[in-house]
Amino acid sequence: TGLDLVEWQFRVAAGEKLPLAQSAIKMSGHAIEVRLCAEDPAKGFMPSVGRIHKFELPEEFEGLRVEAGIWDGSVISPFYDSMIAKLIVKADTRARALRQLGSAVRKTAVAGLITNQSFLANLLEAEEVREARMETGTIGRHIDELARGPDRVPMLHAAIPSWLKQLQFEAEQAAWAHEGPWGVADAFQLGPKRHLAVAVAVDDKPMTVTVAWSEDEVHVVDAKALRIQSRHSGYEIEPGVFIAVVDGAQIRLEKPTYDPTAIEDTGDGSTIRAPINGRVAKLFVTSGDTVEKGQRIAVVEAMKMEHILSATAAGTIDKVPVSEGAQVVQGALIASLTVTT
């Protein structure tokens with residue numbers, strides 16, 4: 001309608017008459033609104049509370065109106081409504097409004113807590129919604145697919161290079177500030193890219209990924225990373241802690257912390273971890289092998305010393321996420337196994 005209904009409400013509340021009669025109001029085009037909420041659709045739309053470290057909207061987006069009362073650093077508490085913003089798009093047709101709003105939702109970035117952003121984008125693209133056949137049972141029938149976010153594996157692989165480069169930049173800045181060029185924690189090599197097994201905590205869960213590192217680039221050794229590498233947004237929320245956002249879903253990356261007393265023995269013998277930063281000089285097992293307690297699993301070489309890693313329990317090897325010649329950090333997973341009971 002092109003009319004500000006909130007202004008009309010204020011005028012009526014002040015005793016004025018409505019500016020126009022219903023017959024004088026003309027409508028053109030189509031507008032669609034979605035409500036961005038701090039909630040988890042995959043868990044029955046359970047509210048999500050916490051700090052919003054980053055809130056970014058698409059810039060210069062045609063027909064987009066945003067109503068929000070949050071900004072970087074805002075805290076969503078458990079005491080109020082879960083809605084954090086409204087996104088409204090106006091276009092000449094309903095189909096175009098759907099497309100533009102879906103694009104605007106996917107290009108919005110909220111880092112720090114769980115939202116229904118990915119759900120909204122999926123809903124706007126759902127067949128029943130596109131064809132205007134939606135009704136009160138639509139979401140219930142399709143909740144699994146509507147609540148499904150992007151594949152986390154390529155999402156993780158696309159984000160890790162950004163996280164590693166940020167860590168490298170911070171280390172170099174700190175070294176230059178205190179020690180000059182001799183304190184910079186980098187290296188050089190003659191030859192092809194080096195492969196490095198990197199330990200990372202993903203949403204507080206430790207894991208190891210293999211990256212290929214050259215002078216000017218780094219990438220995870222997995223072709224799936226290329227699918228979304230140009231679409232993710234990354235934000236450092238504190239030194240060493242990185243949040244990557246893709247299509248409304250997010251992951252948190254940081255250096256893992258380990259209990260030094262538990263690195264070599266996790267208690268049940270199901271994991272074998274590197275006891276020190278070094279190179280995997282030898283692997284004696286592959287996935288599917290049966291091992292006995294005390295059997296050699298790998299040799300990690302560091303400071304001209306070889307550390308022989310042995311199975312602390314009998315079982316079957318589940319996975320060996322490293323390769324011979326790879327550099328590993330202390331606590332990196334060398335192999336995991338299913339313990340024979």
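Looking across the stretch 73-105, the residues that are modelled with pLDDT of 90 or more, surrounded by 14 or more Cβ atoms within 10 Å (Cβ to Cβ) and outside any strand (DSSP E or B) come down to Ser74, Arg94, Arg96, Ala97, Leu98, Arg99, Gln100, Leu101, Gly102, Ser103, Ala104, Val105. Only one of Pro154, Pro181 is at pLDDT below 75, open to solvent by less than 30 Å² (accessible area, probe 1.4 Å) and outside any loop (DSSP other than H, G, I, E, B). Can you tell me which? Among Pro154, Pro181, only Pro154 is at pLDDT below 75, open to solvent by less than 30 Å² (accessible area, probe 1.4 Å) and outside any loop (DSSP other than H, G, I, E, B). Arg65 falls short of the stated requirement of being basic (Lys, Arg), part of a loop (DSSP other than H, G, I, E, B) and surrounded by fewer than 16 Cβ atoms within 10 Å (Cβ to Cβ).
Being among the aliphatic types (A, V, I, L, M), surrounded by 16 or more Cβ atoms within 10 Å (Cβ to Cβ), modelled with pLDDT of 75 or more and closer than 15 Å to Gln166 by Cα narrows it down to one residue among Ala274, Ala249, Ala244; which is it? Just a single option satisfies the conditions, and that option is Ala244.
Could you identify the single residue in Ile25, Ile76, Ile32 that is closer than 30 Å to Glu236 by Cβ and of a type in the set (A, V, I, L, M, F, W, C)? Please lay out each step first, then the result.
On the way: Ile25 fails: closer than 30 Å to Glu236 by Cβ; Ile32 fails: closer than 30 Å to Glu236 by Cβ.
Within the list Ile25, Ile76, Ile32, the selection yields Ile76.
Anything in the stretch 67-83 that is of a type in the set (Val, Ile, Thr) and touching a Ser or Thr at 6+ places or on another chain (Cβ under 9 Å)? List them, or say none.
Start the filter on the stretch 67-83 by keeping residues that are of a type in the set (Val, Ile, Thr), which leaves 70, 75-76.
Listed by number, the list holds a single entry, Ile76.
For Thr286, are the conditions met, namely being of a type in the set (Ser, Thr, Tyr), assigned to a loop (DSSP other than H, G, I, E, B) and either surrounded by 19 or more Cβ atoms within 10 Å (Cβ to Cβ) or at pLDDT 75 or above (or both)? Spelling it out, Thr286 is indeed of a type in the set (Ser, Thr, Tyr), assigned to a loop (DSSP other than H, G, I, E, B) and either surrounded by 19 or more Cβ atoms within 10 Å (Cβ to Cβ) or at pLDDT 75 or above (or both).
Please tell me if Ile114 is surrounded by 19 or more Cβ atoms within 10 Å (Cβ to Cβ) and within 22 Å of Glu145 (Cα to Cα). Working first, answer last.
On the way: surrounded by 19 or more Cβ atoms within 10 Å (Cβ to Cβ): yes; within 22 Å of Glu145 (Cα to Cα): yes.
Against the criterion (surrounded by 19 or more Cβ atoms within 10 Å (Cβ to Cβ) and within 22 Å of Glu145 (Cα to Cα)), Ile114 qualifies.
On inspection, Arg11 does not qualify as farther than 14 Å from Asn116 by Cα and part of a strand (DSSP E or B).
Among the residues of the stretch 122-142, write down those that are in contact with a helix residue (DSSP H, G or I) (Cβ under 7 Å, 6 or more places away or on another chain) and either open to solvent by 90 Å² or more (accessible area, probe 1.4 Å) or outside any loop (DSSP other than H, G, I, E, B) (or both). Once the filter is applied, which keeps residues that are in contact with a helix residue (DSSP H, G or I) (Cβ under 7 Å, 6 or more places away or on another chain) and either open to solvent by 90 Å² or more (accessible area, probe 1.4 Å) or outside any loop (DSSP other than H, G, I, E, B) (or both), the stretch 122-142 yields Asn122, Leu123, Leu124, Glu125, Glu128, Val129, Arg130, Met134, Thr138, Ile139. Of the residues making up the stretch 282-293, those that are touching a residue at least 40 places away in the same chain (Cβ under 8 Å) and over 33 Å from the mean Cα position of the chain (by Cα) are Lys282, Val291. Just one of the numbered conditions (1) assigned to a loop (DSSP other than H, G, I, E, B); (2) at pLDDT 80 or above; (3) open to solvent by 40 Å² or more (accessible area, probe 1.4 Å) is not true of Thr316: (1).
Tally time: how many residues in the stretch 18-58 are part of a strand (DSSP E or B), of a type in the set (Val, Ile, Thr) and touching a Pro at 6+ places or on another chain (Cβ under 7 Å)? Write out each step before concluding.
Residues of the stretch 18-58 part of a strand (DSSP E or B): 30-37, 39-40, 46-47, 50-51, 54-56.
Remaining after also requiring of a type in the set (Val, Ile, Thr): 32, 34.
Those still in the list that are touching a Pro at 6+ places or on another chain (Cβ under 7 Å) too: none.
Number satisfying all stated conditions: 0.
Checking the stated criteria, Gly15 turns out to be at positive phi and open to solvent by less than 80 Å² (accessible area, probe 1.4 Å).
Taking the stated definitions as given, is Ile25 surrounded by 14 or more Cβ atoms within 10 Å (Cβ to Cβ) and of a type in the set (Val, Ile, Thr)? So that I can check it myself, show each step before the final result.
Details: surrounded by 14 or more Cβ atoms within 10 Å (Cβ to Cβ): no; of a type in the set (Val, Ile, Thr): yes.
For Ile25, the condition - surrounded by 14 or more Cβ atoms within 10 Å (Cβ to Cβ) and of a type in the set (Val, Ile, Thr) - is not met.
The values are calculated or read from the model by the stated rules, or taken from the named source; none is laboratory data. For clarity, every value in this text was computed on a predicted model and none was experimentally measured. As a convention, Cβ positions derive from the backbone with ideal geometry for all residues, glycine included, and neighbour counts pool all protein chains shown. Protein only, heavy atoms only, side chains kept; ligands, DNA and RNA dropped before computing areas. Shrake-Rupley method; radii C 1.70, N 1.55, O 1.52, S 1.80 Å.
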